[in-house]
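Notes for the one structure printed next.
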Amino acid sequence: ASVFNYCLYHYVEDEGFIRLKVHKVRDELVPDYAYSSSLEAKEHLFFLTEQFNLCQRLNGLYPGNGGCFHSQIGQCKGACCGKELPEDYNLRVEEALERYHFEHENFYIFDRGRSDDELSVIKVEKGVYRGFGYMPASEAEHLHEVDDYIQNYPDNREVRQIIRTYLKKHKVLKLLPF
């Protein structure tokens, strides 16, 4: 069984706003993020809501109708009280779903290679998966040459989910922000 029992999903509501919702895993839906606990999921949703000036009420973090608490202090731009258009609000939601995926924005992941004298390396830059490759373990101290060993590959949500899951489940040899 999966250790990720909670997920963050998004959907478009009647007024056209993209809403984010934490829910137990649902096989028929494709999650944006997966978490091992309800608390971890809620904390991440609070983080995204704050980082991208999203609406607490639209994301199910503030009860009732009318303006959310963040709209009262100027952190939410008023999607919950008719002060912001769905098109403008949704751009930030999409940015939150696409741009924030890892603890660091730029980093390499070094782990075991296909043999003892080799390392595998993955590159993430500006929150986007750039590619991976294999390098001689003896070159590990020559960080300026790491990119020479990396093959570029296209980024997508699934590959970022695989990397996040791998980092949660495994102790890698080294995660190096740059």
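Tabulated values for the structure
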quantity: Single residue of 91, 176, 97, 85 found to be open to solvent by less than 60 Å² (accessible area, probe 1.4 Å) and more than 14 Å from the chain's Cα centre (by Cα); calculated: 176
quantity: Where a residue in segment 154-178 is touching a residue at least 24 places away in the same chain (Cβ under 8 Å) and its partner, wherever it lies, is open to solvent by 40 Å² or more (accessible area, probe 1.4 Å) and of a type in the set (D, E, K, R), with Cβ under 7 Å and at least six apart; calculated: 173/112
quantity: Options 170, 144: the member that is at pLDDT 85 or above and farther than 21 Å from residue 114 by Cβ; calculated: 144
quantity: 1 or more residues within 30 Å of residue 81 (Cβ to Cβ) and open to solvent by 70 Å² or more (accessible area, probe 1.4 Å): qualifying strands (runs of 3 or more DSSP E) within segment 1-43; calculated: 6-12, 18-24
quantity: Check on residue 14, of a type in the set (D, E, K, R) and either at pLDDT below 95 or more than 29 Å from residue 124 (Cα to Cα) (or both); calculated: yes
quantity: Output for segment 121-134, where each listed residue is at pLDDT 95 or above and either in contact with a His (Cβ under 8 Å, 6 or more places away or on another chain) or more than 18 Å from residue 177 (Cβ to Cβ) (or both); calculated: 133, 134
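The values are calculated or read from the model by the stated rules, or taken from the named source; none is laboratory data. Fair warning: this is a prediction, and the values are worked out from it, not measured in the lab. All Cβ positions, glycine included, derive from the backbone under ideal geometry; neighbour counts span all protein chains shown. In case anyone asks, the SASA skips ligands and DNA or RNA and just uses the protein heavy atoms, side chains included. Shrake-Rupley method; radii C 1.70, N 1.55, O 1.52, S 1.80 Å.
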